[in-house]
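The numbers here are math on the coordinates, done by the rules we state, and not lab data. Remember, predicted model here, so these are calculated numbers, not experimental data. Virtual Cβ from ideal backbone geometry, glycine too; neighbours counted across all protein chains shown.
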Amino acid sequence: LKAHAAEIVRNLAEQQEPMVITQNGEAKVVIQDIESYEQTQHTIALLKILSLGMRQVEEGKVLPAENVIKRLRERRGVR
């Protein structure tokens, strides 16, 4: 790994696919380029937000947009 670090980094950046490092035939480590990593983290964050939103809908913790707009207008004295 150390002897081929530059080549590995270049390949990771070009292919944008993670690389699995094995030890004695068993997967031990995954490495990937920073762009792919950041994209994965962004996707995970969006999925967490989506999951939270879906849970709030299921628990009845949300209001229809029309109701929210109506409440805001009432607070501001706008019809």
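In sequence order, segment 14-27 has phi-based couplings of 6, 7, 6, 10, x, 10, 9, 9, 10, 9, 6, x, 10, 4 Hz under the Karplus curve 6.51 cos²θ - 1.76 cosθ + 1.60, θ = phi - 60°, and Gly or Pro positions carry x.
Taking a straight Cα-Cα cut-off under 30 Å and skipping sequence neighbours fewer than 8 places away in the same chain, the lysines within cross-link reach of LYS61 are LYS48, LYS70.
The percentage of C-alpha pairs in the chain whose separation is greater than 20 Å is 62%. Along the axis of the charge dipole computed for segment 2-76 (Cβ charges of +1 for Lys and Arg, -1 for Asp and Glu, origin at the Cα centre), the listed residues HIS42, ALA6, GLN56 are led at the positive end by GLN56.
Computed from Cα atoms, the angle from the helix 65-76 axis to the main principal axis of the chain rounds to 60 degrees.
Between helix 34-58 and the chain there is an angle of about 30 degrees, using the helix long axis and the longest principal axis of the Cα atoms.
If the chain linking LEU72 and VAL20 were pulled fully straight, counting 0.36 nm for each residue of separation and taking away their Cα-Cα distance, it would gain 13.4 nm. Note on the chain: with a GNM built from Cα contacts shorter than 10 Å, the maximum mean-square fluctuation among GLU59, GLU26, GLU17 falls on GLU26.
Counting only Cβ charges, +1 for Lys and Arg and -1 for Asp and Glu, the dipole size of the chain around its Cα centre is about 940 debye.
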